[in-house]
Amino acid sequence: MDFCFQLITHILSNHSYLILVVGPTAVGKTDVCLNLAKKFKTEIVSCDSRQFYREMNLGTAKPNSDELKQVPHHLIDSLSIVEEYDVRKFERESMALLEELFAKHQVVIMTGGSGLFADAIVNGLDEMPEIAAGVRQQIIQEYEEKGLGFLQGEVAKNDPEYFEKVDQKNPQRLMRALEIWRATSKKFSSFRVKSKKERPFKVIKIGLERDREELYSRIDFRMDQMIDAGLFDEAGSLFEKRHLNALQTVGYSEIFGFLEGKYNKEEAIRLLKRNSRRYAKRQLTWFKKDGKIRWFSPENQEDILAYLQAQIF
């Protein structure tokens, strides 16, 4: 059956589908999503928590200007690093955006490498207490002074149940657990009841993966491209704001360490590549826990489209 005829037939059936495309950094999500969006004549929503910020360009591997022109994109460059933002606000804003998009399209593409943000749309979030901004800033300051070991020790002591489950090398997750404890004297794990919310659309999950050596080679190559394009200059322009939550991330913190005189530029580059590879490994670990994700090589786009057509039509 002709693809366009199938699409028209499906539109008349009035069902809504969110195609969620996930995978590690540098795996090739952008190219796949552009092609899918063109096939389905739809738009792309980012759930990559690093690409929301206007000031962070080179270090977050956003789609380039040409790619952004090919298909309408949402939630890229939508915030400033000085704005307070978290996954709860993302859930609210994204659900409102999706309602608008599904009024125009039967299929919408969402993509990114931030597992927690993707999960917020698929399953919803548990209710969490509001935290004063000063609590998080104090924790960030302590982290900068005392390092990752401080966060690990505090969370292990105050919420050992969550510490056993969390990515123990992810400062963002550890800081979130610690701020809940300090603000409420309750464990972060006590708020995580995992009550799934009903969504007015069906989610089809696509995972992209490559051979590990190939992926790591792509990560190293892309990092070289970022550096050649001016990543050190971009990080330097943000150096005075390095305490902000948005900048506590791979691709910037390593350069901040160099600018603080902790090591030389050669070591900063080594750390950029190593930590990016580790970040990709953590992303894969998160997504591989989800048995509903169907995995493909980014090179097999015909197979991806055939799978989606079978799910939708």
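The values are calculated or read from the model by the stated rules, or taken from the named source; none is laboratory data. Quick caveat: nothing in here was measured; it's all calculated off a predicted structure. Note that we place each Cβ from the backbone using ideal geometry, even for glycine, and neighbour counts take in every protein chain shown.
Look through segment 160-170, keep the residues that are part of a helix (DSSP H, G or I) and surrounded by 14 or more Cβ atoms within 10 Å (Cβ to Cβ), and return whichever of them is modelled with the highest pLDDT. Show your work before the answer.
Going residue by residue through segment 160-170, those that are part of a helix (DSSP H, G or I) are 160-165.
When the remaining residues are screened for being surrounded by 14 or more Cβ atoms within 10 Å (Cβ to Cβ), the result is 162-163.
Numbers: TYR162: 82, PHE163: 86.
Going through the qualifying residues, I end up with PHE163.
I need the full set of residues from segment 268-279 which are at pLDDT 95 or above and either of a type outside the set (D, E, K, R) or on the phi > 0 side of the Ramachandran plot (or both), in order please.
ALA268, ILE269, LEU271, LEU272, ASN275, SER276
Within segment 62-76, restricting attention to residues that are touching a residue at least 24 places away in the same chain (Cβ under 8 Å) and more than 16 Å from PHE117 (Cβ to Cβ), which residue is surrounded by the most Cβ atoms within 10 Å (Cβ to Cβ)? Step through it out loud before you land on a result.
Initially, segment 62-76 is screened for residues touching a residue at least 24 places away in the same chain (Cβ under 8 Å), giving 63, 67, 70-76.
Checking the rest, the ones that are also more than 16 Å from PHE117 (Cβ to Cβ) come to 63, 67, 70-72.
Working: PRO63: 21, GLU67: 15, GLN70: 13, VAL71: 18, PRO72: 12.
Taking the candidates together, the pick is PRO63.
Condition test on LEU305, is it touching a residue at least 24 places away in the same chain (Cβ under 8 Å), assigned by TED's automatic domain parsing to the domain that holds GLY113 and farther than 28 Å from GLU179 by Cβ? Working first, answer last.
Details: touching a residue at least 24 places away in the same chain (Cβ under 8 Å): yes; assigned by TED's automatic domain parsing to the domain that holds GLY113: yes; farther than 28 Å from GLU179 by Cβ: yes.
Against the criterion (touching a residue at least 24 places away in the same chain (Cβ under 8 Å), assigned by TED's automatic domain parsing to the domain that holds GLY113 and farther than 28 Å from GLU179 by Cβ), LEU305 qualifies.
From the list GLY147, GLY134, exactly one residue is at positive phi and surrounded by fewer than 19 Cβ atoms within 10 Å (Cβ to Cβ). Which is it? Don't jump to the end; show me each part of the working.
On the way: GLY134 fails: at positive phi.
Exactly one residue qualifies, and that residue is GLY147.
GLN248 fails exactly one of the following numbered conditions: (1) in contact (Cβ under 8 Å) with a residue 12 or more places away in the chain; (2) under 26 Å from ALA37 (Cβ atoms); (3) of a type in the set (S, T, N, Q). What is the number of that condition?
(2)
Restricting the search to segment 12-70, which residues are touching a strand residue (DSSP E or B) at 6+ places or on another chain (Cβ under 6 Å) and of a type in the set (S, T, N, Q)?
Matches in segment 12-70: THR42, SER46.
Within the group LYS196, LYS186, which residue is in contact with a Gly (Cβ under 7 Å, 6 or more places away or on another chain), exposed (fewer than 15 other Cβ atoms within 10 Å of the Cβ) and either at positive phi or at pLDDT below 95 (or both)?
On the way: LYS186 fails: in contact with a Gly (Cβ under 7 Å, 6 or more places away or on another chain).
Testing whether each residue is in contact with a Gly (Cβ under 7 Å, 6 or more places away or on another chain), exposed (fewer than 15 other Cβ atoms within 10 Å of the Cβ) and either at positive phi or at pLDDT below 95 (or both) leaves just LYS196.
Across segment 282-295, which residue is surrounded by the fewest Cβ atoms within 10 Å (Cβ to Cβ) among those that are over 11 Å from VAL27 (Cα atoms) and of a type in the set (A, V, I, L, M, F, W, C)?
By that ranking, first place goes to TRP295.
Is at least one residue of segment 109-119 assigned to a loop (DSSP other than H, G, I, E, B) and aromatic (Phe, Trp, Tyr)?
no
Does segment 263-279 hold any residues that are of a type in the set (Phe, Trp, Tyr) and either part of a helix (DSSP H, G or I) or closer than 13 Å to ARG222 by Cα (or both), and which are they? Break it down into steps so the answer makes sense when it comes.
First, pick out the residues of segment 263-279 that are of a type in the set (Phe, Trp, Tyr): 263, 279.
TYR279, the sole residue that qualifies.
Consider LYS157 carefully, then state whether it is loosely packed, with under 15 Cβ neighbours inside 10 Å and either within 21 Å of the chain's Cα centre (by Cα) or part of a helix (DSSP H, G or I) (or both). Working first, answer last.
Working: loosely packed, with under 15 Cβ neighbours inside 10 Å: yes; either within 21 Å of the chain's Cα centre (by Cα) or part of a helix (DSSP H, G or I) (or both): yes.
So LYS157 passes the test.
Looking only at segment 231-267, which residues are aliphatic (A, V, I, L, M), under 30 Å from LYS165 (Cα atoms) and either at pLDDT 95 or above or loosely packed, with under 13 Cβ neighbours inside 10 Å (or both)? Steps first, please.
Just the residues of segment 231-267 that are aliphatic (A, V, I, L, M), to begin with: 231, 235, 238, 244, 246-247, 250, 255, 259.
So of that shortlist, the ones also under 30 Å from LYS165 (Cα atoms) come out as 244, 246-247, 250, 255.
Matches in segment 231-267: ILE255 only.
Restricting segment 281-296 to residues that are in a loop (DSSP other than H, G, I, E, B) and out of contact with any strand residue (DSSP E or B) (no Cβ under 8 Å at 6 or more places or on another chain), which is nearest to GLY113 (Cα to Cα)?
LYS289
Take the conditions assigned to a loop (DSSP other than H, G, I, E, B), under 17 Å from VAL21 (Cα atoms) and of a type in the set (D, E, K, R) and apply them to LYS104. Does it pass?
Answer is no for this residue.
Which condition number in (1) surrounded by fewer than 15 Cβ atoms within 10 Å (Cβ to Cβ); (2) assigned to a loop (DSSP other than H, G, I, E, B) is the one that PHE221 fails?
All conditions are met except number (2).
Criterion first (part of a helix (DSSP H, G or I), modelled with pLDDT of 85 or more and in contact with a Phe, Trp or Tyr (Cβ under 7 Å, 6 or more places away or on another chain)) does VAL135 satisfy it? Break it down stepwise before answering.
Details: part of a helix (DSSP H, G or I): yes; modelled with pLDDT of 85 or more: yes; in contact with a Phe, Trp or Tyr (Cβ under 7 Å, 6 or more places away or on another chain): no.
When the stated conditions are applied, VAL135 does not pass them.
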